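Here the structure comes first, spelled out in structure tokens, and everything after it is commentary.
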Amino acid sequence: MQHIIRAEGLIKTYGGVAARRRVLDGVSVDLGRGEFIAVMGPSGSGKTTLLFALSGMDRPDGGRIEFDGQDLSSLGERALADLRRKRMGFVFQQPSMLKHLNILDNVILAALHDRRGQAARLSAKARSLMEGAGIAELAERDVSQVSGGQLQRAGICRALMNDPLVVFGDEPTGALNSSAAEGVLEMLRKIHAGGTAIALVSHDARVAARAERVLFMRDGAFVAEERLGTFAGTGLEGRVDAVTAHMRALGI
Amino acid sequence: MYYRIIKDDVLKSKGVTLATLLFIVAAAALVASGAALAAQLFGAVDALMEAARTPHFMQMHAGELDRASLERFASLNELVEDYSAGEFLNISGARFSLGSKTLADSVQDNGLWTQKAGMDLLLSLDGEMIRPVDGELYVPLAYLKDGTAALGDEASVAGRRFRVAGFLRDSQMNSPLASSKRFLVSEGDFEALRADGSVEYLISFRLKDPAALGAFEAAYAESGLPANGPTLSYPLFRLINAVSDGLLAALLTLSGALTVCISLLCVRFTLLAKIEEDYREIGVMKAIGLRLATIKRIYLAKYAAMAALGGAAGWGLSLAFRRPLLAGLKQSMGEGAGAGLGPALSALGASLVALSIVCYVSLALGRFRRLSAAEALRFGAPADARAGANRPRLSRSRVLGVNTLLGIKDVWARKRLYAVMAIVMAAATFMAVVPTSLYSTMASPGFSAYMGVGECDLRLGVQQAEDIPARAAAIAEALRADPAVLSSVALTTKALWTTDPSGARIRLKVELGDHRSFPVLYSDGVPPTGPGEIALSAMNAADLRKATGDAMVIYDGSSYRKLRVSGVYGDLTNGGKTAKASFEAPEAEAMWAAAYAKLRDPSRAAEAAERYATAFPYAKASDIGEFVRQTFSATLDSVKTAAYASVAVALAVAALISYLFMRMLIAKDRRPVAIVKALGFSEADLSAQFAVRSILVLAVGVSVGVLAADTLGESLAGAAITSFGAAAFRFTGDPLVTYLAIPAGLVLSSALASYVGARGAGRAAFVDHLKE
Ligand SMILES: Nc1ncnc2c1ncn2[C@@H]1O[C@H](COP(=O)(O)OP(=O)(O)O)[C@@H](O)[C@H]1O
Ligand SMILES: [Mg+2]
């Protein structure tokens, strides 16, 4: 199997000399092409820290990360930014849009960086993505004029603009009610079905249950793994039960 | 608790706190010094004029004096308390030598005077009336100040030997703005030198009731007593005495006010940045039930401490500088009644500065009221403006790169925020450009035209002499025959009569001759061409309420002439009230005459002046460049210093405020910066976005500043200059400096400071701002 990400022995420490804490304590993880994984763990276990390390937003203190065959530690700030823009997509817990741009402009923002003067073509692409997300009519709206769920779906459209190898999601439904969350998760499933790899972190079993593989994390280290197979849109409850049972067994 | 909070905050932002504190100290010191100087000045001027028994009215008169009729007038007029008709023995400056120096280059009318008991006293530096004995020369204070003379110097006047026995305060002529200087000698020495100079009478009156000055002036004009010379009065003496130190006091207070504004801006930006950073904490404080007033007090504490400290330090500084600041004033006028008030008044000034800072912070903290705890906790800092989603649209752009677009968008969406910065830049530009332009205009060779002196190289004045017309004609003849002279003209000033708007008959000094060859600057209209025309100085035009094209009637002693006003010009000479015409008025008595010449080689003006001074001892020959330099050198020097200081301050302010603004912006924009970085924008991209914002703001600010300086600043400088009687004023500064060097310097210093302010901001772990 070809890998997009190979991470080995990641270590990240926070705090001064007196109160040193290992937030990541020797984490290793692989992500295959087109694979959908979820990292589960209680709040504070180091999920976000791991995600930021894998995506090159933050440098770990130890360990090694290979992304699409490149060693991240060998890349400079600029190269990392290029990599994020061209090969990765992000969906955050809080809707992260620039307030002064309308939804459409927010969606095409990063894509426009490398395609100066192609705003028209990018807008067309963004509109078709938004169409697929059921938010086509919101394109010209202000960020403040749409609901959290709609904003999050627009965020996913933004993540897809550059046809990334992988979409990272940090609790993408954390700020949403359950029906809005359902819409977002369904969208992610479709993206995965389209061949894009997904790496989610969450403390919610209903979210993690959509993944092919669930990694359980506690105190900065993986403690177990569950292989669920591809989710085709049916039989969710059984998958959720399996994840929950595993968590209970681990005492999370 | 307050102490700990203040300490933490100060330690975290040492540089900014120190800079703000320094501005507060400077502001307090300036305002306090201004107050102290003003207090001292007004007391001292009155004290000096009281001690010197300065005349309420004075008529200068060259020529015969009928003492009997003067005596009769004074005894019959019940307004007169006392009078005198002292003799001012005008001696050419070249014949004064003081130590190793002479007064040959002096543009002042230097002369000898003897003390008169009772009024118009010349005082020693201790404020005592001086009684010189033979061989003693008392020298005007101005010559001590400019280093021409020192106590005990060997001196000689027209060959007679003296010793500089002391310096004198002259309540009329202390100021360099007064054009004569009186040296005090004994009666014996005066008589011995009488033949070496020409006598001019200073006919002085003290009135029983100074308020009756107007009535007295009218009575004097009716009396037929000598009137063919300048008249001066008590209010004018007072003004001349107060003007230079008064200007300094005003300048100090004004710069103080300006510095207060700068301090307020520093405070504003640091405070906003701090609130931005502490938004959540403030929300938490509100959520756990702390009262608004308590939260405000926590933030106010630091600034109250800084204001108090800065105010006190500024006051202390003003006390330390009190001695040197007031030294010159004390020397020229002595202690006044206001001296004791000085420290108290300056303490008041410093307190006002401190208070304004505290009030401002308290006002700015009012925004806490608008903050809901829930909102602060959930969303972080609120949006500045919601209406920003349109124009310019990224999705519609064809040419611009995304970083440029984002920069423009941000400025457009937060106009109010950036407007503050643009205004600061505009103000800094204005501040740097106006004094610089004023200086280069005043220093330019054409400036004499503003003062009412036509553009020429040489001026020969015939004053206080018999038979002015014949002597002027002789000089004119010599000039015409001189091969070194390119062109020349002789003009004679005569006292004619006209009526003012109230119908009263008043005297009008009219300069007669050909006014086309060396024109002064006309703010309106043209020089008089035919005998039916007259031009008025700006001050006379205003007084007589005449404009170009109006008709006016002149009486020349034998007949009435109906004339048309051909134009209005600027004049700083002879009190600014003059007129120019080209008709002949043989009946009228000449007051003075002057010949003007343009030389083939203007660089040899000084040499020519010397040649004519020897050939015509009764004429005052001056090379115009030197004339302007000396008359205006003090003013020019201070304008120059002010210009340099303004440029330096403007650069410093632009840099400091830009730095603080950038820090605030970065605090405000942590989250959007984190977002675009996560999306794959590099630090270079972010720098580009911030640079676009800065360039936009700088460009707008600096252009507005230059424009304002060119229009408003020019009118302002013009208003100051025209109030002395000059023509409509135009900046003739070096455009390269005004439009290029200064703006470029400001942009550079601002950009550099912004860069320093932004440095490291992107590197601070941006992911933390996403975790929030
Ligand atoms: N910049 C930081 N400085 C210090 N501690 C941090 C920092 N970022 C995260 N942490 C700590 O690291 C731990 C893991 O954080 P995080 O990765 O956000 O956990 P999760 O996403 O699983 O809730 C937490 O205890 C958090 O307090
Ligand atoms: Mg997290």
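Every number here is computed from the coordinates shown, using simple stated rules; none is lab data. From a predicted model like this one, the values you see are computed outputs, not experimental measurements. Neighbour counts are summed over all protein chains in view; Cβ atoms, including those assigned to glycine, are modelled from backbone coordinates with ideal geometry.
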Report summary line: Bridge orientation stat for the stretch A:89-220 from DSSP, antiparallel percent rounded to 5, came to 10 percent
Query raised in the report: Where the only charges are on Cβ atoms (+1 Lys, Arg; -1 Asp, Glu), what is the dipole of chain A about its Cα centre, to the nearest 20 debye?
Result: 360 debye
Query raised in the report: When you look at the Cβ of every residue in A:84-93, what mean number of other chain Cβ atoms sits within 10 Å?
Result: 3
Requested in this report: With label points built 7 Å along Cα→Cβ from the Cα atoms of residue A:114 and residue B:22, find their separation and express it in nm.
Outcome: 4.7 nm
Report summary line: Computed from the beta carbon distance with a Förster radius of 60 Å, FRET efficiency for residue B:222 and residue B:734 to the nearest 0.05 stands at 0.65
**Report entry** Candidate aspartates and glutamates for bridging to residue B:562, where Cα separation is under 12 Å - those fewer than 8 sequence places away on the same chain excluded
**Finding:** B:533, B:550
Requested in this report: With a Förster radius of 60 Å, plug the Cβ-Cβ distance of residue B:68 and residue B:330 into 1/(1 + (r/R0)^6) and report the FRET value to the nearest 0.05.
Outcome: 0.85
Report summary line: Here the gain from full extension of residue B:719 to residue B:516, 0.36 nm per residue of separation minus their alpha-carbon distance, amounts to 70.4 nm
Requested in this report: Excluding residue B:197 itself, calculate the net charge of residues whose Cβ lies under 13 Å from the Cβ of residue B:197, where each Lys or Arg counts +1 and each Asp or Glu counts -1.
Outcome: -1
**Report entry** residue B:755-residue B:399 FRET efficiency (beta carbon distance; Förster radius 25 Å; 0.05 resolution)
**Finding:** 0.40
Report summary line: Counting other chain Cβ atoms within 10 Å of each Cβ in B:668-679 and taking the mean gives 5
Query raised in the report: Taking 0.36 nm per intervening residue step and subtracting the Cα-Cα distance, what contour gain separates residue A:19 from residue A:77 on full extension?
Result: 18.0 nm
Requested in this report: Give the peptides B:128-140, A:67-79, A:31-43 in descending order of average Cβ contacts within 10 Å, highest first.
Outcome: A:31-43, B:128-140, A:67-79
Requested in this report: Tally the DSSP beta bridges in chain B and give the antiparallel ones as a percent, rounded to 5.
Outcome: 80 percent
Query - residue B:610-residue B:75 pseudo-label distance in nm [points 7 Å out on the Cα-to-Cβ vector] - result: 5.4 nm
**Report entry** Between helix B:14-51 and chain B: long-axis angle, C-alpha atoms, 0 to 90°, nearest 10
**Finding:** 20 degrees
Query raised in the report: Going by average Cβ neighbours within 10 Å, how do the peptides B:525-531, A:81-87 rank, with the highest at the top?
Result: A:81-87, B:525-531
**Report entry** Under 19 Å from residue B:296, Cα to Cα: lysines that are on another chain or at least 8 residues apart
**Finding:** B:7, B:274, B:286
Query raised in the report: For peptide B:157-164, how many partner chain Cβ atoms fall within 10 Å of a residue's Cβ, on average?
Result: 0
**Report entry** Distance (nanometres) between label positions extended 7 Å along Cα→Cβ at residue B:102 and residue B:129
**Finding:** 3.6 nm
Report summary line: Computed over chain B: longest principal axis from alpha-carbon atoms vs helix B:67-76 long axis, angle to nearest 10 degrees, is 60 degrees
Report task. Report, for the protein assembly as shown, the % of DSSP beta bridges that are antiparallel, rounded to 5. Result -> 75 percent
Report task. Give the angle, between 0 and 90 degrees and rounded to the nearest 10, that separates the Cα long axis of helix B:605-615 from the longest principal axis of the Cα atoms of chain B. Result -> 20 degrees
Requested in this report: Would you work out the charge dipole size for the stretch B:466-617 about its Cα centre, treating the Cβ of every Lys and Arg as +1 and the Cβ of every Asp and Glu as -1, and quote it to the nearest 20 debye?
Outcome: 320 debye
Query raised in the report: What order do you get for B:745-752, B:286-293, A:44-51, B:559-566 when each peptide is scored by the mean count of other beta carbon atoms within 10 Å, highest first?
Result: A:44-51, B:745-752, B:559-566, B:286-293
Query - the stretch B:466-617 - convex hull of alpha carbons, volume per residue in Å³ - result: 118 Å³
Query raised in the report: Once the piece of chain linking residue B:261 and residue B:8 is laid out straight, how much longer is it, given 0.36 nm per residue of separation minus the C-alpha distance between them?
Result: 88.5 nm
Query raised in the report: Among B:181/B:580; B:14/B:302; B:598/B:640; A:47/B:409, which pairs are too far apart, with a Cα-Cα distance over 23 Å?
Result: B:181/B:580; B:598/B:640; A:47/B:409
